[in-house]
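The values are calculated or read from the model by the stated rules, or taken from the named source; none is laboratory data. Everything numeric in this text was worked out from a predicted model, so none of it was measured. Here the Cβ positions follow ideal geometry from the backbone for every residue, glycine too, while neighbour counts run over all protein chains shown. Just the protein is used for accessible areas: all its heavy atoms, side chains included, with ligands, DNA and RNA removed. Shrake-Rupley method; radii C 1.70, N 1.55, O 1.52, S 1.80 Å.
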Amino acid sequence: MASDPLSTVFFSDASAAALAAALHAECFSAPWNEASFRSALNVPGTTLQILSLGETPVAFALYRQVLDECEILTLGTCPDYRGRGYAGQLLELGVAYLRELKAERLLLEVGAQNLSARRLYLSSGFKEIGQRPGYYLHGETREDAILMLKNLH
């Protein structure tokens, strides 16, 4: 049996906002809604990337570029597809796309307790460059954000 092909699509408009919101809801306990994605995608320099296995979306990333600097606003892999390397492939394809757009640096923030995401980013060439104490609010508790950077050239 042949395996389904992996593909990625980039959107620079809000046409996939509903899909992005559905994927985000599958990945996170406090998801962004469709209006949040529409709003984000209406900001110039914002791009949504969706990675699919055959016809099934399995991972996504939302990037924002200003001049030669880019930031990952959110990134997720659907729970049924975690641990299979899809997030790494998503990042690899995303970085190639951002290089074509002349981005020099890619930044992100990740929860200090999100060890699997931190491992992903470190294995993808990101370096930890700082910390924002108490940045994320989870009910009554706060979590530090780790700032990470990947030089693209």
Task: Of every Cα-Cα pair in the stretch 103-153, the percent that sits beyond 14 Å - done: 50 percent
TODO: Starting from the Cα of R142, step 7 Å along the direction of its Cβ; do the same at F10; then give the gap between the two resulting points in nm.
DONE: 3.7 nm
TODO: Counting helices only, and only those DSSP H runs with n ≥ 4, report the 222 nm mean residue ellipticity of the chain as the sum of -39,500 (n - 2.57) divided by its residues, in deg cm²/dmol to the nearest 500.
DONE: -8500 deg cm²/dmol
- [ ] Would you kindly work out the equivalent ellipsoid of the stretch 2-109 from its C-alpha gyration tensor and give its semi-axes, the square roots of five times the eigenvalues, largest first in whole Å?
- [x] 21, 17, 12
- [ ] Kyte-Doolittle cut-off 0.0, length cut-off 18 Å along the helix's own axis using Cα: show which whole DSSP H helices in the chain pass.
- [x] 86-100
Open item on the list: Could you compute the net charge surrounding K150? Neighbours are other residues with a C-beta less than 14 Å from the C-beta of K150; K and R count +1, D and E count -1.
Closed with: -3
Task: Mean separation of Cα contacts under 8 Å (6+ apart) over length of the chain, as relative contact order % - done: 17 percent
Open item on the list: For a quick check of your reading of the filter: which chymotrypsin sites (Phe, Trp or Tyr not before Pro) in the stretch 14-55 sit in a DSSP loop and have no more than 12 other Cβ atoms within 10 Å?
Closed with: F28
Open item on the list: Per 0.36 nm of contour for each residue apart, how much would the distance between N114 and S3 grow if the chain were fully extended, relative to their Cα-Cα spacing?
Closed with: 36.9 nm
Task: Heavy-atom accessible surface of the chain: percent carbon and sulfur, 1.4 Å - done: 51 percent
Task: the stretch 26-153, accessible area per residue, ligands and nucleic acids excluded (1.4 Å, Å²) - done: 55 Å²
